[in-house]
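First comes the structure, then the notes that go with it.
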Amino acid sequence: MIEQMPVEPIFTIGAPRSGTSVMNWAIGQHPNIQVMPETAWIVDYITGAFAAFNRGSERGRFSHLSNIDYPLKEFLAHVASSINAIVDDVYEKRCQSLYGDYREKGITINPANPNSPFQVRRSADEPKRRWVDSTPLNTHYAWALAQVFPQAKFIHNLRQPDDVALSLENFDAVGARPEPLKEGLATWMHHTEDAWLAEKALGPERVFRLRFDRIEHEPEPLMHELLNFLDEPFSPACLEPLSTKTNSSKVDSKRADLASRISQFQHYKKASRLFLSLDTPVSTADQTQACGILEERFEAYWQQQKP
């Protein structure tokens, strides 16, 4: 096998409206981590890669890959390298559009982005060898992402279901559509169940649980702990975005009647039970079962994509 450079991306998983935007920016202020918009294409790319490997191996010695028993692991390593190359190229072009010839002339804050806590790059000397992707779809593809990127790490942003549902009901920024409470609870359930399965399947070495209230109440200890999990040194710049709300749905004044409105939904009872169960200790059997469930769900999905 041709030796590949290690690829160590960071993927955010969990329900929307759980602090993913601000944490994406915070992590991306680190000198070694690129910040970028949600990708969405990466999960489609890897879904196609698994389907392509299957297609190239389906006829035994008469198929290109199975003719020599080409390993899936090596195939996915090339996929990971190609994704990393695209991400790096897009990031470089984004930096050039913001900062011009920054490698020769250095960086000054772009007039179009004067908000200093939120910078795509802070210095021309930053290595930026890793990247963070906060695409919500990542939650449902954690198993596949973990196969393609064996050194990837995941951050499960966890917020209480009622707060997520209320926030989704009042969120119409960046092209989003407000969701009724019942839909918001279903969204929370769908994402949180898959994120919890990812936690169980991949273990604490690869998945960090980030509780939403820590962003506001203990940002510095949280960031120290998170960067330690990512095997990166602490950077004070990562704290700067945490003093600012992003994509706020401004719901504080609308909490008064939330309990009476939300308690009528069966989804809320199910969501509350799931939320309370998230601290249940995970056994080896739980880990094996969770991994199997995620693998089966992913395989069923890409099988549906066959022409």
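The values are calculated or read from the model by the stated rules, or taken from the named source; none is laboratory data. This one's a predicted model, so the numbers in the text were calculated from it and none came from an experiment. Virtual Cβ from ideal backbone geometry, glycine too; neighbours counted across all protein chains shown.
Here are the numbers for this structure:
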| item | result |
| --- | --- |
| Condition met for TRP188 (modelled with pLDDT under 95, surrounded by 17 or more Cβ atoms within 10 Å (Cβ to Cβ), under 18 Å from the mean Cα position of the chain (by Cα) and not polar (S, T, N, Q)) | yes |
| Any hit, the range 76-85, residues being surrounded by 13 or more Cβ atoms within 10 Å (Cβ to Cβ), small (Gly, Ala, Ser) and in contact with a Phe, Trp or Tyr (Cβ under 7 Å, 6 or more places away or on another chain) | yes |
| Some residue of the range 38-57 being under 13 Å from the mean Cα position of the chain (by Cα), surrounded by fewer than 20 Cβ atoms within 10 Å (Cβ to Cβ) and under 18 Å from PHE118 (Cα atoms) | yes |
| Checklist (1) surrounded by fewer than 12 Cβ atoms within 10 Å (Cβ to Cβ); (2) within 24 Å of VAL132 (Cα to Cα) applied to GLY60, failing item | (2) |
| Close pairs from the range 196-222: first over 18 Å from ILE27 (Cα atoms), partner among the acidic types (Asp, Glu), Cβ under 8 Å, at least 6 apart | LYS200/ASP286 |
| Pick from the range 129-167, criterion basic (Lys, Arg) and surrounded by 21 or more Cβ atoms within 10 Å (Cβ to Cβ), ranking: farthest from LEU226 (Cα to Cα) | ARG159 |
| Residue match in the range 102-116 (condition: at negative phi, touching a Ser or Thr at 6+ places or on another chain (Cβ under 6 Å) and polar (S, T, N, Q)) | no |
| Unmet requirement for LYS93, which otherwise passes all of (1) modelled with pLDDT of 95 or more; (2) surrounded by 12 or more Cβ atoms within 10 Å (Cβ to Cβ) | (2) |
| Number of the exception - GLU299 against (1) part of a helix (DSSP H, G or I); (2) modelled with pLDDT under 90; (3) touching a Ser or Thr at 6+ places or on another chain (Cβ under 9 Å) | (3) |
| First in the range 258-272 and among the basic types (Lys, Arg), second anywhere and buried (at least 17 other Cβ atoms within 10 Å of the Cβ) and modelled with pLDDT of 75 or more, Cβ under 7 Å, 6 or more apart | ARG261/LEU181; LYS270/MET189 |
| Filtered residue count, the range 134-156, keeping only those that are touching a residue at least 24 places away in the same chain (Cβ under 8 Å), over 16 Å from MET36 (Cβ atoms) and not polar (S, T, N, Q) | 10 |
